[in-house]
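Note sheet for the following structure.
The values are calculated or read from the model by the stated rules, or taken from the named source; none is laboratory data. Quick caveat: nothing in here was measured; it's all calculated off a predicted structure. Every residue, glycine as well, gets a Cβ built from its backbone with ideal geometry; the counts of neighbours run over all protein chains shown.
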Ligand code: SF4
Ligand code: SF4
């Protein structure tokens, strides 16, 4: 399950991993739309998009950015949401401009935001999330980017945020204090662009008896199977000093030739990394690899051993991170495995996390109905992805190695009875189950869930047949009023 949750969370984290789920969910963006023009009329701004003019109404904005990263050279990524406060409906899209007012591009709204729909008591607000990533270099140093939500039938564009990517001095002070308190080390100098990645900047992965920086299997590296352990996963040996020293060392090596495990990694970026108000914003608890299935695509199939690290150790470490404010208050926490429902003490871990404001995502195979997961769903603090992959019992057995098909769908139904908006059946589309797509979505609808997730087997390169099958999945969802969430943004682009 670790392998699947990692991809979802990665974007959950940036936006938010392999598990920040809908935070990770599908989005599209257009970085330079020639159809868009902008005119400045004194203080008034108008946009023309596909022949429609939009006028800004600054005071009518409701929305926010939730994560923003960027640099002065003109690349950025951010996520957030926006609504028209009067109708509580999402805008048709987002327009963003450079400091001179030139439109850089647009992004569609396309991320499922149950939290916003709940907050506004309006299910139309479900698709109000937006994500933008701009990798191109904008031909001027960015001093400010303006983000507008536009609503076509009202000819209106509402200002969401003026973003200035200059140094956040308050965050700088906080991060410097956290580095000193945790390790006695000075915080890294972030005033110039440098090579790093999202995980190096704030991720912690608990697995294989260690705290690791990431769980990336970087095939371009000279040591592809090497992880980057930071310290032992044992609270008596858990050391923030060791963790911070190692992170610093890896980042420094990445500026001069590259740390071996990071060489050629697709996550490495040279940019202005922002100062932070925490040390970590993504945690993956995959310390227990015990599992009762034998999925054909599972990377840890040979190692389904119970945790060597008892839950009490994990709780002690969590307490160190949370009590010292080292973990961001809204951090994404993915519980993977193995199979989390087999994890001893899962209830204690979830209870601890539910006491904070963390975004908790459990990636389960659904074979065991877990009271701890059910209770957490009831509290409205946890989302679960159920990796089920099939509807037909024979197909299930071929893919998952055991005969739990009926049980898993029964459990999905039971979880959905608690909160169908937080339960997402997932299908890894492959040759064996491609003919089951429609049946899978139908069964999900009948089970009472509101969204389903799709992916392809990451051990393979998807051929046209698989890409077409994913498009079919997405279209069938659109046609049947259920949200089809790509496990990773690259899938959204692939299936559009
Ligand atoms: S065998 Fe278990 S851990 Fe591996 S992918 Fe399947 S459900 Fe996940
Ligand atoms: S750059 Fe290094 S730390 Fe970051 S994901 Fe790749 S291998 Fe992991």
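For residue 403, the test of being over 16 Å from residue 284 (Cα atoms) and assigned to a loop (DSSP other than H, G, I, E, B) is passed. Of note, residue 433 does not satisfy the criterion of being within 30 Å of residue 202 (Cβ to Cβ), at pLDDT 95 or above, in the same structural domain as residue 291 (by TED's automatic domain parsing) and touching a helix residue (DSSP H, G or I) at 6+ places or on another chain (Cβ under 8 Å).
For the stretch 78-107, residues that are at pLDDT 80 or above and part of a loop (DSSP other than H, G, I, E, B) total 3. If you filter the stretch 199-247 down to residues that are in contact with a strand residue (DSSP E or B) (Cβ under 6 Å, 6 or more places away or on another chain) and within 16 Å of ligand 1 (Cβ to nearest atom), you find that the one that is nearest to residue 278 (Cα to Cα) is 205.
Would you check if residue 410 is over 26 Å from the mean Cα position of the chain (by Cα), outside any strand (DSSP E or B) and under 20 Å from residue 486 (Cα atoms)? Step through it out loud before you land on a result.
Values: over 26 Å from the mean Cα position of the chain (by Cα): yes; outside any strand (DSSP E or B): yes; under 20 Å from residue 486 (Cα atoms): no.
In short, no.
Among the residues of this structure, residue 277 counts as one that is more than 16 Å from ligand 1 (Cβ to nearest atom) and in contact with a helix residue (DSSP H, G or I) (Cβ under 6 Å, 6 or more places away or on another chain).
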